[in-house]
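The values are calculated or read from the model by the stated rules, or taken from the named source; none is laboratory data. Quick caveat: nothing in here was measured; it's all calculated off a predicted structure. Backbone-built Cβ (ideal geometry, glycine too); neighbour counts: all protein chains shown. Surface areas here come from the heavy atoms of the whole protein model, side chains and all, with no ligands, DNA or RNA. Shrake-Rupley method; radii C 1.70, N 1.55, O 1.52, S 1.80 Å.
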Amino acid sequence: MHLSLILLEVKMAENSEQYEDSSLYRIRHSASHIMAQAVLEKFPEAKIAIGPAIEDGFYYDFDLPRPLTSEDLESIEKRMRSIIQSKVDFVRKEVSAEEAKKIFHDQPYKLELIAGLEEGNVDEDGNPVDEKPEISIYSQGGFVDLCRGPHVANSAEINPQAIKLLSVAGAYWRGDEKRPMLQRIYGTAWNKPDELKEYLWRIEEAKKRDHRKLGQELDLFSVADEIGAGLILWHPKGGKIRKIIENFWSEEHEANGYEFVYTPHIGKSKLWETSGHLGYYKENMYSPVDIEGQQYFLKPMNCPFHIHIYKSSLRSYREFPLRYAEEGTVYRFERSGVLHGLMRVRGFTQDDAHHFCRPDQMPEEIDFVLNFSLHILRSFGFHDIQAYLSTKPEKSVGEPERWLAAEAALEESLKRTNITYKVDQGGGAFYGPKIDLKVKDALGREWQLTTIQFDFTLPDRFDLTFIGEDGQPHRPYMIHRALLGSMERFFGVLIEYYAGAFPVWLSPIQAVLIPIADRHVNYAKEVAATLRQSKLRVMVDDRSERMNAKIRDAQKQKIPYMLVIGDKEAENHQVALRLRNGENLGPISIAAFIDRATEDIKQKI
RNA sequence: GCCGACGUAGCUCAAUCGGCAGAGCAACCGCCUUGUAAGUGGUAGGUUAUGGGUUCGAUUCCCAUCGUCGGCUCCA
């Protein structure tokens, strides 16, 4: 709920209205129809569902007599090319509901869509619409589909060498897990073969950056079957990075008016009843443990504990704003199929904070937390940051005017902060609107990190008060915020963002000393000791290996500095500096290297 | 949880039709003493995820469980 587990967002930002008008959209949508034609030729008994263009491609859902194999995909793709090359026309025709039902009499999913169109509340993709739409069909090469379009006029507009089928996956009809599971074929289509190639390269590049792969290669973390799914083991190198992040985090928080609190991992059932978790969040909580006849629950969130710290004494407006921060470890039940490396886990540590203040202080407090968040994110090298303002959802608590005021406060703060933002209408939590911050990486992928959320319910539920200037009790305002999100997820994002080549200040090993021959090892150890005195994290590769092998290994470990040491360096009290980008900077004095490294660390590059 | 694919040495992967479980890298022990991305020889490493079943015989076929991957759903 409040600091809800943050999503892995890999969607590229786009303007969907422009996209739907583009020729690329028509190409993809038409490719989807051609795919459906090919599938129906192969499986005449297939039932077709829906097949829209999506970002970077298209899909189509089918109800098929048997599971598809990769060989099927190849043959379907081949057939698609030949259909495209036969230059079929796409013909649009408006039909009555009666006619449509006749055409699709043996296609139950289409009939359901037609019924929806007739009632006028959903379109042919099953999305809700206001107006009663016209029913149109598109046909090409003997294949007819219920479709709003638009499409290409002729398949000649599609380059057969710029399409590719990617994968087959299960998908529920209408996205409803109670309805039949269909087979979805994903494909991609582009204007030119080069663009397809570029897209496939991007997929490959993303695979190389996969934090699960790098986590193993760089020995950062693991999960063990014997321990349990979604439970992370931080190895020494990953732990080192986490420690550096936490130290930085603590210093920055301390310098910005936060106070640190520590709270237990379990709490009585009554606490979770009061907070509303047992009412609203139970399916994400683990079974209780019985302690002397009392039920205790593992915490899925930290807020009730922070609130009790607030309640531990009478609060005055003079204390405000109160900022409680904690790296709080929480446990949430996640269904087995959704677990994903560090991004979606069952136990994780949130860099959580709760702010309490007077209503009139709220605008300033939001400004503060926004600016603070941006400052921290930028410190980690994230500069392409996009904000999302999520407003009142249909199901919500709190008076509408409070919502409007809170939304306005958030929006004004975004404007004052001068950050570009998008509005996610109805995307807020049920208890209050929120601002999310997402960062974009080199591949154009967006990752959600920070979430800043208003809360209308907990201060009421726990009956929080403060004594105002008037000597009367008042209800404080409260915001939840997770800045990095969770340590696990943040680490995963860091790994993918930097492809494992962390900035020097975060690198678990900053420099490796590479003695060329055994006779240089002693000097290398002396240099290492000197560097350690300057707080640099270094190791000596004293294996009886060739220099080339040591360099190769250091490269693969993405260590920022390689310091090669041979006769010349030992003689001149130098090191030969090589960077992980392959640049060989030649011999420099130890002092010069320390200067360079400490400056890089200071600049956080 | 659902659909599909998958699980063999620390890692990456072989193993014909059901017939002695193998390689490279890493590790360990040597030799080489190296100048900017892999020097070389040897040794060791396995209850083939787990538990059942079929079979003279199972890494291989079947069932269940656990886990991983791609999606869906979920992430009030």
**OP:** Working only within the range A:249-263, note down all residues that are more than 17 Å from A:His480 (Cβ to Cβ) and touching a Ser or Thr at 6+ places or on another chain (Cβ under 9 Å).
**Re:** A:Glu252
Subject >> All positions within the range A:463-518 that are closer than 30 Å to A:Gln533 by Cα and in a strand (DSSP E or B) >> reply: A:Ala511, A:Val512, A:Leu513, A:Ile514, A:Pro515
Original post:
If only one of A:Ile605, A:Ile588, A:Ile601 is of a type in the set (Val, Ile, Thr), more than 8 Å from RNA strand B (Cβ to nearest atom) and at pLDDT below 95, which one is it?
Top reply: A:Ile605
**OP:** Please work out which one of (1) in a loop (DSSP other than H, G, I, E, B); (2) in the same structural domain as A:Val168 (by TED's automatic domain parsing) is the condition A:Glu195 fails and give its number.
**Re:** (1)
Original post:
Filter the range A:379-416 for residues that are among the hydrophobic types (A, V, I, L, M, F, W, C) and part of a loop (DSSP other than H, G, I, E, B); which is most open to solvent (accessible area, probe 1.4 Å)?
Top reply: A:Val397
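Examine the range A:519-532 for a residue that is of a type outside the set (Lys, Arg), more than 13 Å from RNA strand B (Cβ to nearest atom) and part of a strand (DSSP E or B), and state whether such a residue exists. Working first, answer last.
Residues of the range A:519-532 of a type outside the set (Lys, Arg): A:520-524, A:526-531.
Restricting the remaining residues to those that are more than 13 Å from RNA strand B (Cβ to nearest atom) gives A:526-531.
With part of a strand (DSSP E or B) added as a condition, the list becomes none.
Taking every residue of the range A:519-532 in turn, none turns out to be of a type outside the set (Lys, Arg), more than 13 Å from RNA strand B (Cβ to nearest atom) and part of a strand (DSSP E or B).
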Original post:
Do we find a residue being part of a loop (DSSP other than H, G, I, E, B), away from RNA strand B (no atom under 13 Å from the Cβ) and more than 27 Å from A:Leu536 (Cβ to Cβ) anywhere in the range A:220-241?
Top reply: no
**OP:** Quick one: in the range A:186-236, of everything that is over 23 Å from the mean Cα position of the chain (by Cα) and in contact (Cβ under 8 Å) with a residue 60 or more places away in the chain, which residue is most open to solvent (accessible area, probe 1.4 Å)?
**Re:** A:Pro236
Original post:
Which of the residues that make up the range A:45-73 are open to solvent by 30 Å² or more (accessible area, probe 1.4 Å) and of a type in the set (A, V, I, L, M, F, W, C)?
Top reply: A:Ile54
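Does A:Trp173 qualify as being within 14 Å of RNA strand B (Cβ to nearest atom), in contact (Cβ under 8 Å) with a residue 40 or more places away in the chain and over 19 Å from A:Ala501 (Cα atoms)?
On the way: within 14 Å of RNA strand B (Cβ to nearest atom): yes; in contact (Cβ under 8 Å) with a residue 40 or more places away in the chain: yes; over 19 Å from A:Ala501 (Cα atoms): yes.
Spelling it out, A:Trp173 is indeed within 14 Å of RNA strand B (Cβ to nearest atom), in contact (Cβ under 8 Å) with a residue 40 or more places away in the chain and over 19 Å from A:Ala501 (Cα atoms).
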Original post:
Just checking, which of A:Lys535, A:Lys568, A:Lys558, A:Lys550 is within 10 Å of RNA strand B (Cβ to nearest atom) and assigned to a loop (DSSP other than H, G, I, E, B)?
Top reply: A:Lys558
